[in-house]
1. Return the total of residues in segment 166-181 being surrounded by fewer than 21 Cβ atoms within 10 Å (Cβ to Cβ) and either closer than 23 Å to Gly53 by Cα or touching a strand residue (DSSP E or B) at 6+ places or on another chain (Cβ under 6 Å) (or both).
2. So which of Leu105, Leu87 ends up being under 30 Å from Gly41 (Cα atoms) and either hydrophobic (A, V, I, L, M, F, W, C) or within 29 Å of the chain's Cα centre (by Cα) (or both)?
3. Give the number of residues within segment 32-75 that are touching an Asp or Glu at 6+ places or on another chain (Cβ under 8 Å), within 30 Å of Glu300 (Cβ to Cβ) and assigned to a loop (DSSP other than H, G, I, E, B).
4. Inside segment 136-168, can you point out the residues that are assigned to a loop (DSSP other than H, G, I, E, B) and of a type in the set (Ser, Thr, Tyr)?
5. Anything in segment 97-135 that is assigned to a loop (DSSP other than H, G, I, E, B) and within 15 Å of Phe82 (Cβ to Cβ)? List them, or say none.
6. Quick check on Leu202: is it surrounded by 19 or more Cβ atoms within 10 Å (Cβ to Cβ), under 19 Å from Pro155 (Cα atoms) and either modelled with pLDDT of 90 or more or of a type outside the set (Phe, Trp, Tyr) (or both)?
7. Of the residues that make up segment 12-19, is at least one free of Cβ contacts under 8 Å to residues at least 24 places away in the same chain, of a type in the set (A, V, I, L, M, F, W, C) and in a helix (DSSP H, G or I)?
Amino acid sequence: MSAVVLSARDLRKRYGALEAVRGVSFEIHEGETYGLLGPNGAGKTTTISMVCGLLSRDGGEVTVNGNPIDVGAVDAKAGIGFVPQELAIYPDLSARENLEFFGRLYGLGGSSLRARAAEVLELIGLTDRAKDRTSTFSGGMQRRLNIGIGLLHRPRLLLLDEPTVGVDPQSRNAILESIAALGREGLAILYTTHYMEEAERLCDRVGIIDGGEIRAEGTRHELVALIGKEDEVRLAVTGNVGAAVAAVQAVDGVVRAGAKHGDLEILVTDASRALPRLLDAVESAGASVRGVELETPDLEAVFLHLTGRALRDATE
C-alpha cells in the first residue's frame, strides 16, 4: 500500500442552522485520485476548503504528509496545490507571466522559476501560447492554466474543485487527460465533481457525498456491488431461439434468461467474463448472434439507490 498523503477525519462545518458538512472522513494515498461525487450543495466545496486550510472547521482534523492543516498552518500548506472553481489568473498577463507571478508567491525565483514555468507550460499543453495574454484564451485553456498554477511548487496533494465547469467537450477531455497523467506520475489528487462520467473515468476511489455526509465510499466495482444489481445482456439472434434460451440458462452466473421479439434478454453476474460463454452457448444451440448490447450498473445507479434520486435531478 502506498503512503497516505491526505487524512481527513470527522470534518464538520455549520453555517447557522445549516450543518453543511457532517462528520466527513476519508484518506488519499500517493498516486491515487479520489473523487468526491455529489450534487451542487452537497458539501464538496466546503469539505475541500477545510482540507486545504482556507476555511476553519468546527470539528475534525486534517493532515497532509503527516502535518496538521488548519487556517494558520502556512508551512504545512506547502504540500498542497489548490485549484478553485473560480479562475485565479490575471487576464492582462501572459500565461508565462501568470506562472512566474504565482511562482514568486510560492517563494520561487530566478532561473529555477523560469525553468519550472516552462515545465508546467509543457505539462498543460500551453507552450505555444506562453507569451499570449490569457484574456485571449478559451475557457478550457484558462482552466488548464489554473491547474498549472497549482502545480508550480511541486505539491504532493492536488485539490481540484470542479475544474471542468463551463468548458467545451474538447477542452474538458484535454483537462481530464492531463489530470490522469498527473495521477500516473504519483500525485495524490482530490477531485470534486457532479459529473458522473468524470468520476468513473478518473477516480481510483469515489466518495458519494450528499447532505454533507459520505453515503458510501470505494472503487467503482465496490460501490456497484453495494446495490447487488446484475448486468443485463441483450443478444439479437437468429435460428433456434428456444434452444438458445435453454443453453444460456445453464451458463454459470446467469440469473435469468428469456426471449423477447427475437432477442435474448439475460441477467448475469459479471457480464464481461460471462459473455464469451454466452456466445458459445448460443452457437452450440444452433442459433447465430447478430448483435450484442450490454448494460452494467454504474455510479448513477448507486447514487439513486443511496439517495433516492438521480444525480442529474439533484444538480438541477
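The values are calculated or read from the model by the stated rules, or taken from the named source; none is laboratory data. On a predicted model such as this, the values are computed, not experimentally measured, just so you know. Here the Cβ is made from the backbone with ideal geometry for all residues, glycine too, and neighbour counts use every protein chain on show.
1. Quick first cut of segment 166-181, residues surrounded by fewer than 21 Cβ atoms within 10 Å (Cβ to Cβ) only: 166-174, 176-178, 180-181.
Retained after the next criterion (residues that are either closer than 23 Å to Gly53 by Cα or touching a strand residue (DSSP E or B) at 6+ places or on another chain (Cβ under 6 Å) (or both)): none.
Number satisfying all stated conditions: 0.
2. Working: Leu105 fails: under 30 Å from Gly41 (Cα atoms).
Exactly one residue qualifies, and that residue is Leu87.
3. Number of matching residues: 5.
4. Ser138, Thr164, listed by residue number.
5. At the first step, the residues of segment 97-135 found to be assigned to a loop (DSSP other than H, G, I, E, B) are 106-109, 124-126, 130-132.
Across segment 97-135, the qualifying residue is only Tyr106.
6. Details: surrounded by 19 or more Cβ atoms within 10 Å (Cβ to Cβ): yes; under 19 Å from Pro155 (Cα atoms): no; either modelled with pLDDT of 90 or more or of a type outside the set (Phe, Trp, Tyr) (or both): yes.
Here the answer is no, as Leu202 does not meet what is asked.
7. no
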